[in-house]
Amino acid sequence: MYHLHVSYAARLSGRTARACIDYVLRLGASANKLDRVLYAGSLNMPGWVVDGAGISYWQAADGAQTRTNGRLLYRVEFALPKQLSLEQQIQAAWAFVRFLSSLCAHGASGLGVPASFALHAGHGRNPHVHCLLSTSLVDSHQRTAGQWFMRHDPKKPATTG
């Protein structure tokens with residue numbers, strides 16, 4: 001058995017990146033969900049992100065995205081085999097999230113896109129991962145949070161998104 005679901009969150013639909021990361025990590029309004037988080041991680045976060053789960057990144061995405069029809073992030077949910085140990089599930093989750101991150105970069109970056117994920121227990125019978133993938137690429141330029149989500153200008157790559 002397998003499960004893979006891909007969707008996106010957009011400002012036009014009324015979704016926020018903060019609400020998505022809260023759901024993934026079971027924070028805020030999602031804290032009372034019975035499905036426990038067994039492990040959480042993030043990768044390819046810019047230097048200004050100070051928390052390990054990337055919460056500040058997704059919160060900044062909400063504040064910076066000005067296009068009403070712009071996509072905030074991609075959401076991917078996938079199942080893990082329950083026959084694997086927790087350590088093996090964590091390794092499998094990291095491997096697949098790394099693959100998704102580089103896939104979203106379309107080969108434009110050696111690192112991929114910023115991503116956050118959490119492994120949920122699935123009530124003991126359905127272990128699965130929720131992953132958030134950014135629409136912004138990682139490159140060699142250091143940017144502030146305000147610059148990170150700006151529209152890219154190829155004439156000024158160091159000061160635009």
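Ranked highest first by average number of other Cβ atoms within 10 Å, how do 25-33, 8-16 line up? Intermediate values should be presented prior to the final figure.
Numbers: 25-33: 13.3, 8-16: 15.6.
Result, highest mean Cβ count within 10 Å first: 8-16, 25-33.
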Spin-label model distance (nm) - Gln91 vs Ala121, 7 Å beyond Cα toward Cβ:
2.4 nm
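To the nearest 20 debye, what charge dipole does the range 1-134 have about its Cα centre, counting +1 at the Cβ of each Lys and Arg and -1 at the Cβ of each Asp and Glu? Write out the running numbers ahead of the final one.
Numbers: 12 positive and 6 negative charges, 57 e Å.
For this selection, approximately 280 debye.
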Rounded to 0.05, the calculated FRET efficiency for the beta carbons of Ala79 and Leu12 at R₀ = 22 Å is 0.15
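Could you compute the FRET efficiency for Tyr2 and Leu34, with r as their C-beta to C-beta distance and R0 at 35 Å, rounded to 0.05? Each step should come with its number before you reach the end.
Numbers: r = 23 Å, r/R0 = 0.67.
The calculated FRET efficiency here is 0.90.
Each reported figure results from applying straightforward, stated rules to the coordinates on display, with no laboratory input. Just so you know, these numbers come straight off a predicted model, no measurement behind them. Don't worry about glycine lacking a Cβ; one is built from the backbone with ideal geometry, like all the others, and counts go over all protein chains shown.
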